[in-house]
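Notes for the one structure printed next.
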Amino acid sequence: MNKNVSLPLSLALLLMLSACSGASQTSASEQAGAKSDIMVSQEAIQTDSEDVTMDDIFELTKGYKTRGNTNPIMTQEFGADPFALVVDDEVYIYMTADAFEYDEKGELKENTYNKIKTIHVVSTKDFKNFTDHGEIPVAGSDGIAKWAHNSWAPTAAMKEVDGKMKYFLYFADNGGGIGVLEAESPTGPFVDPIGKALIDRNVPTCDKVLWLFDPAVLVDDDGSAYIYFGGGVPQGKEEFPGTARVARLSDDMIHLASDPVLIDAPCLFEDSGIHKYNNKYYYTYCTNWTVSPESTQKYGFTNGEIACMMSDSPMGPFTYVNKILENPGTACGLYGNNHHAIFEFNGQQYICYHSRCLERHMGLEHGYRATFINEVTTNPDGTIKLIRQSKEGIDQLFPKDAYAVNSSVCVSQMVGTNSVPLDKSLGYKDMALGELNTGDFTETTGVDFSDVAPKSVTVTAKADKGVKGSIYLRIDFPNKPNVCRIDIEGTGEFTTYTADLREEVTGVHFLYFVFYGEGFEVKDWQFNK
C-alpha cells in the first residue's frame with residue numbers, strides 16, 4: 001500500500017509549488033480552517049516533504065461541526081430528548097437514538113420515531129470531548145424490555161439500594177407507557193427488573209393522560225425519589241391540558257409508592273423536567289403548539305418553548321414562574337418539539353436540549369435531532385434567566401492529558417467514522433473507533449502535551465488479516481502536515497503500534513487522527529516522552 005509510485009505531472013507541479021511556498025500555504029489554510037465549519041477543508045492534504053506517495057494524497061471527509069465547539073455534542077449519530085446524570089466527575093447523557101427512516105423508494109423521509117428502539121449514551125468530563133458508549137438495546141425482540149415497542153425520552157437515576165449503588169434507566173414506550181431498566185453501572189449492562197411497564201393506563205389517574213411518556217426522575221437529598229411524566233392536549237383544554245403527573249417511587253426505584261397526582265402546568269405539551277436548587281423544586285416542560293395570544297400575554301411564552309414552575313415540595317403544588325428556553329428553531333431556523341434536562345456539575349448549572357441544527361448543516365429537513373449543552377444562570381430570587389443557545393457551548397473545564405491512555409471514542413468530533421462494539425459478542429458499552437474510510441478523521445480538543453515534547457505515540461488498533469491502513473496524526477487542523485504516520489497491518493487482533501514523531505509538539509492543541517484505508521478499528525492512544 002505504501003510503495004513509491006510515479007506522480008502525474010500536474011500533481012508533481014502542485015507538490016513542487018507547495019514545497020516552495022509552504023509558509024504562505026499554511027497561513028491560508030489556517031485562515032480557511034478558522035472560518036469554516038469543519039466542513040473544514042476539502043483541499044488536497046498537505047503532505048510530508050519526503051517519501052510522498054499517492055496514499056498521502058486524498059480528500060478529507062466533510063464534517064458538520066465548527067472546530068472547538070461543544071455543540072452538537074456528537075455528529076456521528078443523532079441524539080434527542082437528552083437527560084444528564086452526574087456520576088462522580090463525569091456527566092452521562094442519555095438520548096433517544098433518532099435513526100434515518102426511508103420510504104419504499106429508498107428516499108429519506110420524515111422522522112416518525114417508530115424505528116427507535118435504542119438509547120444512545122455518551123459521557124464527558126471536560127464538556128468538549130465526549131466518550132461514545134454506544135446504544136443500549138432497549139425495546140423490541142432484540143431489546144432488554146421485549147414487551148416494549150419503542151424507547152423514547154430516557155431519564156436516568158442512581159441510588160443505593162440494599163447497600164449497593166444501582167443505576168436506573170426510565171424510558172417511554174411510544175406514548176403508551178413508561179418502563180424501567182436496572183444496572184450496576186451507568187452504561188449497563190441493563191436488565192428488565194419487572195418485565196412490564198412501570199406506568200400504564202391501569203395506574204390510577206393515568207387514564208386521562210393522553211401521552212404516557214417523557215419521564216423525569218428526581219432522587220431527593222433524603223433518598224426519596226419521584227417520577228414526573230405525561231403530555232398531550234385534550235380538545236378545548238389548550239391552556240390547562242391537565243396531563244402532567246408526579247408520583248413517588250418506591251425505595252427500590254422500580255415500583256410506584258403513591259398514586260400519581262396532577263401538575264396543572266399552563267399550556268403543557270410534553271417533556272417533563274425536574275431539578276432541585278437551593279431547596280426549591282423546579283418543574284420544567286415544553287409548551288404546546290396552540291398557545292393563544294392571550295396566553296402569551298399572560299405567561300410570556302409562545303409555542304414549543306420551555307417553561308418553568310416552582311414549588312417547596314417535590315409533589316407540588318407548583319406555581320408558574322417564567323419561560324427559560326426559546327424553541328431551538330429561533331437559533332437554527334428549523335422548529336420542532338423541544339426537550340431538555342437541567343443538571344448541576346461542579347457547582348454550575350447546565351441545560352441539555354435537542355436542536356435540528358445538525359440536520360440543517362447536512363442539508364436535511366426531516367425532523368432528526370441532535371443534543372446541545374449550554375449554561376444556566378439563576379437570579380438572586382431563584383428564577384432562571386432566559387438561556388442563551390449557542391454552538392460554542394461550554395468552555396473546556398481542563399485540558400486532556402496527552403500522556404494518559406485515551407479512548408479513541410472520546411473526541412470532540414467524529415467525521416465519517418463511528419463507534420463500534422469493542423467485542424461484538426458483548427454488544428454495546430465498550431467501544432472502539434470503526435467504520436473508517438480514507439479521509440475520515442477525529443478531532444480531540446485541548447490535548448496538553450506539556451512543555452516537554454513527546455518522542456512517540458502508541459496506538460492500539462485492529463485490522464482483519466490482509467487489511468492495511470494508515471493513521472496520520474496532525475496538529476491544530478486536519479489538513480496540516482503530518483507529525484506522525486502509523487501503518488496498520490491486519491492480524492485480526494488488537495495490536496499496539498508505536499511510531500516516532502517527526503517534529504516537536506508542546507503546549508495545548510487540537511489533535512486530529514486522519515485515516516487512510518478501511519476495515520480497521522482503533523481502541524486507544526497515548527503519547528510517550
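None of the figures in this text is laboratory data; all of them are computed from the coordinates on show. What you see is a predicted model; the values in this text were computed from it and never measured. Counting neighbours? That spans all protein chains shown, and the Cβs are built from the backbone with ideal geometry, glycine included.
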note = Here the percent of antiparallel bridges among DSSP beta bridges lying wholly in the chain, to the nearest 5, is 95 percent
query = For residue 482, which sequence-distant residues (separation of 5 or more, or a different chain) have an amide H within less than 5 Å of its own amide H, given hydrogens modelled in the peptide plane?
reply = 48
remark   = With Cα coordinates, the longest principal axis of the chain makes an angle with the long axis of helix 9-20, in degrees rounded to 10, of 90 degrees
ask   = Ordered by residue, what ³J(HN,Hα) values in Hz, to whole numbers, does the stretch 401-410 give under the Karplus form 6.51 cos²θ - 1.76 cosθ + 1.60, where θ = phi - 60° and Gly and Pro are x?
value = 6, 5, 9, 8, 7, 10, 5, 6, 9, 9
inquiry  = Contact order normalised by length for the chain, with contacts defined as Cα pairs under 8 Å and 6 or more residues apart; what percent is it?
reply    = 13 percent
task = Show which aspartates and glutamates lie in cross-link reach of residue 62 when reach means a straight Cα distance below 16 angstrom and same-chain residues fewer than eight apart are skipped.
result = 37, 43, 77, 359, 435, 440, 443
query = Dimensions of the stretch 378-445 along principal axes (Cα, Å, largest first)?
reply = 53, 26, 25
request  = For the stretch 80-376, restrict the atom set to alpha-carbon positions and state the Rg and Dmax in Å.
outcome  = 18.0, 56
key: the chain - mean residue ellipticity at 222 nm from DSSP helices (-39,500 (n - 2.57) per run, n ≥ 4, rounded to 500)   = -2000 deg cm²/dmol
note = the stretch 74-130 and the stretch 431-463 have their Cα centres apart by a whole-number Å value of 24 Å
note = Looking only at lysines whose Cα falls under 25 Å of residue 323's and that sit 8 or more positions away or on another chain, we get 237, 276, 280, 298, 385, 391
Residues of type lysines that residue 105 reaches as a straight line, Cα spacing below 18 Å, ignoring anything fewer than 8 places off in the same chain = 115
ask   = Of (i) 201, 97, 29; (ii) 133, 42, 37; (iii) 77, 53, 48, which one was derived for Cα extents along the principal axes in Å from the structure shown?
value = (iii)
ask   = For the stretch 364-406, what is the Kirkwood estimate of the hydrodynamic radius, computed as the reciprocal of the mean inverse distance between distinct Cα atoms, to one decimal in Å?
value = 14.2 Å
key: Amide hydrogen neighbours beyond the local backbone of residue 274, cut-off 5 Å, H modeled   = 284, 342
message = As an exercise, identify the trypsin sites (Lys or Arg not before Pro) in the stretch 96-137 lying in DSSP coil whose Cβ has no more than 15 other Cβ atoms within 10 Å.
response = 105, 109, 115
query = Residue-wise, which Karplus ³J(HN,Hα) couplings in Hz belong to the stretch 187-193, taking 6.51 cos²θ - 1.76 cosθ + 1.60, θ = phi - 60°, and x for glycine or proline?
reply = 10, x, x, 9, 10, 9, x
key: Loop-located GluC sites (Glu not before Pro) in the stretch 172-257 whose Cβ has at most 16 other Cβ within 10 Å (DSSP)   = 184
request  = Run the numbers on the stretch 80-376 and let me know its relative contact order in percent, using alpha-carbon pairs under 8 Å that are six or more apart.
outcome  = 13 percent
note = For residue 130, the residues 5 or more places away or on another chain with a placed amide H closer than 5 Å to its own amide H are 411, 412
message = Of 361, 449, 406, which is farthest towards the positive pole of the chain's charge dipole, taken about the Cα centre with +1 and -1 on the beta-carbons of Lys, Arg and Asp, Glu respectively?
response = 361
query = Residue by residue through the stretch 92-108, which ³J(HN,Hα) values in whole Hz follow from phi under the Karplus form 6.51 cos²θ - 1.76 cosθ + 1.60 (θ = phi - 60°), with glycine and proline marked x?
reply = 9, 10, 9, 9, 4, 8, 3, 9, 4, 10, 10, 7, 5, 8, x, 9, 4
key: Where labels lie 7 Å past Cα in the beta-carbon direction, separation of residue 465 and residue 388 in nm   = 5.9 nm
inquiry  = Applying a 10 Å radius around every beta-carbon, put 82-94, 394-406 in order of their mean neighbour count, most first.
reply    = 82-94, 394-406
key: In degrees, nearest ten, helix 22-35 long axis to first principal axis of the chain (Cα)   = 10 degrees
task = Sort 240-250, 484-494 for me by packing, meaning the mean count of neighbouring Cβ atoms within 10 Å per residue, highest on top.
result = 240-250, 484-494
inquiry  = Show me the ranking of peptides 214-221, 132-139 by mean Cβ neighbours inside 10 Å, starting with the highest.
reply    = 132-139, 214-221
